[in-house]
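The values are calculated or read from the model by the stated rules, or taken from the named source; none is laboratory data. What you are looking at is a predicted structure, and each value in this text was computed from that prediction instead of being measured. Here the Cβ is made from the backbone with ideal geometry for all residues, glycine too, and neighbour counts use every protein chain on show.
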Amino acid sequence: DTGVSQNPRHKITKRGQNVTFRCDPISEHNRLYWYRQTLGQGPEFLTYFQNEAQLEKSRLLSDRFSAERPKGSFSTLEIQRTEQGDSAMYLCASSPHSGGDYNEQFFGPGTRLTVL
Amino acid sequence: GENVEQHPSTLSVQEGDSAVIKCTYSDSASNYFPWYKQELGKGPQLIIDIRSNVGEKKDQRIAVTLNKTAKHFSLHITETQPEDSAVYFCAASIHRGSYIPTFGRGTSLIVHP
């Protein structure tokens, strides 16, 4: 399968614990995006990378959240001191980048986080 | 920032009927409007998109219309099939280095055989 993959698919944690999610984009896609989706809502943008550079962060990305893409390939999203309000589906997407045209974002299946 | 409203939240139709989902957006600078289909346990998948210089676009059984003056756009699915059952999201975006879509809340489409 050459699509976007995310691991783990499900994560249950206790409030206050730290969690880390991984996203592997489609090969040679140099843009990678993180979104959060809560029940009954559309995805909400968190941050995106072009290669290893983090170019934009949403105000939704509090100080407890950090994302990295150290080698411009896979990315990790870490949430420190989790809160019940962090329970959501965390989606990753990747896209190629060419000039100013919109390039389709391909989404992974998501990581569902439950904070008890 | 951009705000996207989507209606209805649930739409139930019989197989073969048409389905229409409507969205409005708030930022007149938005110039790109993608539609996504999300099936259970999967991420959203782009099904069709429209840019602000076009009023209508069609792809087989799916069509989108855009009214820039009224700031609303719609998805039309004709001859619905059970496999069309999913959650559909509209989105609006402004090109600012990259397209970062603002999504609507989604419409759960149920097609009864």
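Side notes on the structure shown:
- Meets criteria (aromatic (Phe, Trp, Tyr) and touching a residue at least 60 places away in the same chain (Cβ under 8 Å)) for B:Phe89: yes
- Of A:Arg59, A:Arg69, all but one fail to be more than 14 Å from chain B (Cβ to nearest Cβ) and not hydroxyl-bearing (Ser, Thr, Tyr); the exception is A:Arg69.
- Residues in region B:93-107 that are at pLDDT 95 or above and more than 9 Å from every other protein chain (Cβ to nearest Cβ): B:Thr107 only.
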